[in-house]
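K.L.:
Take this structure first; my questions come after.
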Amino acid sequence: MNEAAAGTEQVRIALTRVCLRSGSVMVPPRARDRLPGEGELLGWDADADAVHELRYDGGRIAGLGPFFASRALHVNDALLLRPRPDGHLVLAAHARGGAGRPNAAPVRYAGASGASEPASALGAPEPGGTHDRAPAAASAATPHTSEGTPPDASPEVRDGASPESLARARRAFGDLGFDVTVGRGGTLRIEGGHGRSRVRALVRVLDDGTTPDWSALLQAVRDGPTDRLALVGTARDLAALERPARGARATLWSWDGLARAKRATERVPVGPLDLADAFDEGGLHAHGIERFEARIGERLSAQEAFATVATRLAALHAPTVVRVEDLALDDLLGREVAARELERTAEPPLQWTRRVAPGEYALLYDVATGLTRLSTFADGLLRDLPDPVRPRVQGTASDAHLQDAPRGGAHPDDAAREGARRDDDGREVAAPRTKASVGH
């Protein structure tokens, strides 16, 4: 590094081989007051539609290796930094020399594999969506590059949301099991779950590049039947709202987070009860996505452990004795997990094995037969289940005439009516209710 542009909001830093190999740059002292405060930052590469996680500490910005690699930057090329009002950065580059650089020495970039994600993976609009980009300008004071224009960093307050965004959010929450109704001002009301985990939330859907009216939303939550506030939008826009959202106790839900939750339903059941914690832990954005996927990962690991035990038992000829050590063959299935899953196979409704000694189980029959028996048990249970469409009604003497008679039998209150007696004046008095007349 040997230079920084002066007299403009944009900071220009020339790159050395040390910068490229370390994936970091040292910001000249005279340019540091133009950049955001130190700490964790996001760097937006508008041209590549990608976002990079950066660290600004002691005047040095680290985490730039993937950006350098994506642009194939070389020594003496320039990194262009433009601060955003939300405290993050827009990244651009200026390459010196002609295309192809036949005489350029190869460069090994730091962190060039997997340190960044496409912005589309972080919740950017799907193909066919809109991006509000600022027009290019020729003024030297405008921090645009000759290779492209960064997105407009100035958020716009809008009262509503586009029909496409509302439909997308309604479909996303509906696919996850919530009851969804459309409200005013670009909002949805969602409800789902049971008991203490029941969720009633007001969801504000944000179009690309917009910011919410916090006072109006908080007033709507106070006045309405909802008790939580959630915002849905791109990861780019939500990153700028993290601090005010914490103050408003609102959660952030990126399009990518909702899409990943939907994909999780293909492997395990996911519904409002599974997402209730996310409404208290920041939503499905940034670290919130990681927490949600960690919980789903625990359930998937349990499923995979059982499947591994079943597969290894299927390779044995029943009846036989199997030890825990016979199944705990590698890191995929440790001894503790193998013992737990073997114990599970000995319990109803499986009962494939029977414990004969500590760490030893008798495999009673082959796994294929066990699965067939389990299927037969499930089919019989399904046939005997009550019809959820026909509720069980508990009646009283005053509304007995409103009760439906059971199929193929007398009304449950018939016995009570037959046993009625009369008082001294000849009036009929209902007999004491029996268990049959209390409910069915």
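K.L.:
When the distances between all Cα atoms of the stretch 239-316 are binned every 10 Å from zero, what whole-number percent does each bin get?
P.N.:
Using 10 Å bins, I get a P(r) of 17, 41, 22, 12, 5, 2 for the stretch 239-316.
K.L.:
According to the Cα gyration tensor, what semi-axes, each the square root of 5 times an eigenvalue, does the equivalent ellipsoid of the stretch 174-242 have, listed from largest to smallest in whole Å?
P.N.:
Gyration-tensor ellipsoid for the stretch 174-242: 21, 14, 11 Å.
K.L.:
Would you work out which of ALA220, ALA240, ALA286 lies farthest towards the positive end of the dipole of the stretch 211-299? Charges go on Cβ: Lys and Arg +1, Asp and Glu -1.
P.N.:
Highest projection toward the positive end goes to ALA286.
K.L.:
Also: Please arrange PHE279, PHE377 by accessible surface area, largest first, computed with a 1.4 Å probe and ligands excluded.
P.N.:
The ordering from most to least exposed comes out as PHE377, PHE279.
K.L.:
Residue separation times 0.36 nm, minus the C-alpha to C-alpha distance between SER215 and GLU343: what's the value?
P.N.:
Working: separation 128, 0.36 × 128 = 46.08 nm, distance 5.57 nm.
Between SER215 and GLU343, full extension yields an extra 40.5 nm.
K.L.:
Once ligands and nucleic acids are excluded and a 1.4 Å probe is used, how much of LEU218 is accessible, expressed in Å² to the nearest 10?
P.N.:
50
K.L.:
In whole angstrom, how long is each semi-axis of the equivalent ellipsoid of the stretch 326-385, when you take the square root of 5 times every eigenvalue of its Cα gyration tensor and sort them from largest down?
P.N.:
In descending order the semi-axes read 26, 12, 10 Å.
K.L.:
Compute the separation of the alpha-carbon centres of the stretch 281-297 and the stretch 321-338 and state it in Å as a whole number.
P.N.:
So the separation of the two Cα centres works out to 31 Å.
K.L.:
May I ask you to give the solvent-accessible area per residue for the stretch 250-289, in square angstrom, as obtained with a 1.4 angstrom probe?
P.N.:
Details: 1540 Å² over 40 residues.
Ligands and nucleic acids excluded, the result is 39 Å² per residue.
K.L.:
Now, a different point. Provide the three semi-axes, in whole Å and in decreasing order, of the ellipsoid equivalent to the stretch 213-273 as defined by the square roots of 5 times the Cα gyration tensor eigenvalues. Intermediate results must be reported in sequence, preceding the final value.
P.N.:
Values: eigenvalues 123, 52, 12 Å².
Equivalent ellipsoid of the stretch 213-273: 25, 16, 8 Å, largest first.
K.L.:
TYR361 accessible area, nearest 10 Å², 1.4 Å probe?
P.N.:
It works out to around 10 Å².
K.L.:
Same structure again: For GLU325, GLU336, GLU38, write out the residues from largest to smallest accessible area, computed with a 1.4 angstrom probe and no ligands counted.
P.N.:
Per-residue accessible area, sorted high to low, gives GLU336, GLU38, GLU325.
K.L.:
Could you rank HIS94, HIS285 by how accessible they are, 1.4 Å probe, largest area first? Mind showing how you got there, number by number?
P.N.:
On the way: HIS94 65, HIS285 20 Å².
Ranked list, largest accessible area first: HIS94, HIS285.
The values are calculated or read from the model by the stated rules, or taken from the named source; none is laboratory data. Everything numeric here is computed off the predicted structure, so don't read it as measured data. Neighbour counts are summed over all protein chains in view; Cβ atoms, including those assigned to glycine, are modelled from backbone coordinates with ideal geometry. Quick note on the areas: whole protein, heavy atoms, side chains included, nothing else; ligands and nucleic acids left out. Shrake-Rupley method; radii C 1.70, N 1.55, O 1.52, S 1.80 Å.
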